[in-house]
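Data block below; observations after.
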Amino acid sequence: MGELNKEVVDLVWKRPGSNGVSASLFRRWTQGLVFSETEHTALEQFEGGPCAVIAPVQVWTSPRPDSEEQKAALCSTLAEILEQACSTSSTTFYSLVTWAKGRCPHTTTHTPLTGGPETSQTPQDQQPSEKRIVKSLSELREEVVSLYETWKGRCGVLLFLYSVILTKGIVNIRNEIEDTTEPLVDPVYGHGSQSLVNLLVTGHAVSNVWDGDRECSGMKLHGIHNQASVGFLTLMESLRYCKVGAFLKSPKFPIWILGSETHLSVFFAKEMCLVAPESPSEQARRVFQTFDPEDNGFIPDSLLEEVMKALDLVSEPEYYLMKSKLDPEGLGIVLLAPFLLEFFPDQDTGIPDSFPVYHYNGLKQSNHNERVEYVQGTALVLGFEDPMVRTDDTPVKRCLQTKWPYIELLWNTERSPSLN
């Protein structure tokens, strides 16, 4: 398995021409998938970096009351992520990676919770040496349960990550990543890439968060092609660095990974109506925005006919009537808001005005009293800006406003939860 080990390690850690990552950065990733002592269904993250694996695992870990059911929940989650990786690739088997004797070598001197002596090991020094191949889903679930102590152990996060990569297939991942010279983990800062997050959330290691593929200077840039089971929102969109598409913004379940500049946390609710099937107006907005890739809020009037055709709204006489109605001043553009108002007036979204919400951040130092616990609150989504209920302008709120522009958040704690 030696050459394969090197390929996995290089894919995760190594930028061409570099010497790989430092031992101190790698040490931040050598932790297990372990639950908080104060919140029994919340995974704890010891240091910055591995949230790119921990947060996607956390979104599927349902509340469970005791240790046995906690074990079942975690193992079920890991199996589902592996199953998804296999179903989106050309492989027909699952790979489970372990180290010989079931432990991560040469790291016993370091205790993440207390910050003991630092290991001098790097990814090149710690290549996994055993791989189990299973070919059925039932066998996969049995094997994942049998390795429960491995996932909890010192290198559980890395072993699970390597298992997903080998299950998906290294070649398949390289074919989906936009820039194959960039590793899945940043070798300078230790943050997981968007490709890594997308791989664990959707099964596809694409580098972008928009819907579908786009052409740019003759290059095809891959995005998300289907509605994801869980969503993704990012503070970077509020800063206009990117635009998350509807397939990630409106997932099948009301759970979203929230991205800041350096960290990933989780926002979730229990209201399934938040993720109801796409309404006609939401579909129209999504289609309109595919013709407006720079998110200007308008399209050239020359594209109106294509938008209407894509939505089955067009007949030739109606098209010319709409063109003059939606661009009465002859500016040559059609704005999104009048377009939606014309074809989908007063459409009820079905979203309640208020509902309970929860936020998870796995880093102890980012939680009140350094206790990893869910923060509960109430979201108000009024559909308009009401100065009477305006709350603080926090990064969590700005991130959520990329999906609900007029959301307000009333948390049950003295301070708002942190994105970092």
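The values are calculated or read from the model by the stated rules, or taken from the named source; none is laboratory data. These numbers come from a predicted model, not from an experiment. In this analysis, Cβ positions are derived from the backbone assuming ideal geometry, glycine residues included, and neighbour counts consider all displayed protein chains. Heads up: the accessible areas ignore ligands, DNA and RNA and are worked out on the full protein's heavy atoms, side chains in. Shrake-Rupley method; radii C 1.70, N 1.55, O 1.52, S 1.80 Å.
Quick look at the numbers
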read-out: Length-normalised contact order for the stretch 196-259 - Cα pairs under 8 Å, 6+ apart - percent; value: 30
read-out: The chain: relative contact order as a whole-number percent, Cα under 8 Å and 6+ apart; value: 16
read-out: Residues with amide H under 5 Å from that of residue 207, placed H, sequence gap 5 or more; value: 178, 222
read-out: Dipole magnitude (debye, nearest 20) for the chain, charges at Cβ of Lys, Arg, Asp, Glu; value: 1520
read-out: Scaled radius of gyration (Cα, divided by 2.2 N^0.38 Å) that the stretch 280-344 gives; value: 0.98
read-out: Note, ³J(HN,Hα) from phi for the stretch 38-43, Karplus 6.51, -1.76, 1.60, rounded to Hz, x at Gly and Pro; value: 9, 9, 5, 10, 9, 6
read-out: Accessible-area composition of the stretch 280-344, carbon plus sulfur, in percent [1.4 Å probe]; value: 53
read-out: Packing-based ranking, highest mean first, of 249-256, 186-193 given that Cβ atoms within 10 Å are counted; value: 249-256, 186-193
read-out: DSSP bridge pairs, the chain: antiparallel proportion in percent, nearest 5; value: 85
read-out: Cα Rg over Rh - the stretch 207-266, Kirkwood; value: 1.00
read-out: Kirkwood Rh, Cα atoms: Rg over Rh of the stretch 244-366; value: 1.09
read-out: Å² per residue, accessible surface of the stretch 352-411 at 1.4 Å; value: 50
read-out: Efficiency of FRET from Cβ geometry, residue 22 and residue 294, R₀ 35 Å, rounded to 0.05; value: 0.35
read-out: Residues whose placed amide H lies under 5 Å from that of residue 232, excluding near-sequence neighbours; value: 249, 257
read-out: Cut-off under 5 Å, modelled amide H: who pairs with residue 45 long-range; value: 363, 364
read-out: Hull-based mean projected area of the stretch 352-411, where the convex hull spans the alpha carbons, in square nanometres; value: 4.3
read-out: Positive-end extreme of charge dipole, the chain - chosen from 12, 352, 394 (charges on Cβ); value: 12
read-out: Whole-Hz couplings from phi, Karplus 6.51/-1.76/1.60, listed for the stretch 355-363; x for Gly and Pro; value: 7, x, 9, 9, 10, 10, 9, x, 7
read-out: Helix-derived mean residue ellipticity, 222 nm - over the chain, DSSP H n ≥ 4, -39500 (n - 2.57), to 500; value: -9500 deg cm²/dmol
read-out: For the stretch 156-163, 3J(HN,Hα) per residue [Karplus equation, 6.51 cos²θ - 1.76 cosθ + 1.60, θ = phi - 60°, Hz, x = Gly/Pro]; value: x, 4, 5, 5, 5, 4, 4, 5
read-out: Longest to shortest principal axis, alpha-carbon extents of the chain, angstrom; value: 74, 50, 40
read-out: Normalised contact order of the stretch 272-345, rounded percent, pairs of Cα under 8 Å and 6 or more residues apart; value: 35
read-out: Unsatisfied cross-links (Cα-Cα over 28 Å) in the set 135/270; 220/270; 6/168; 14/220; 270/397; value: 135/270; 220/270
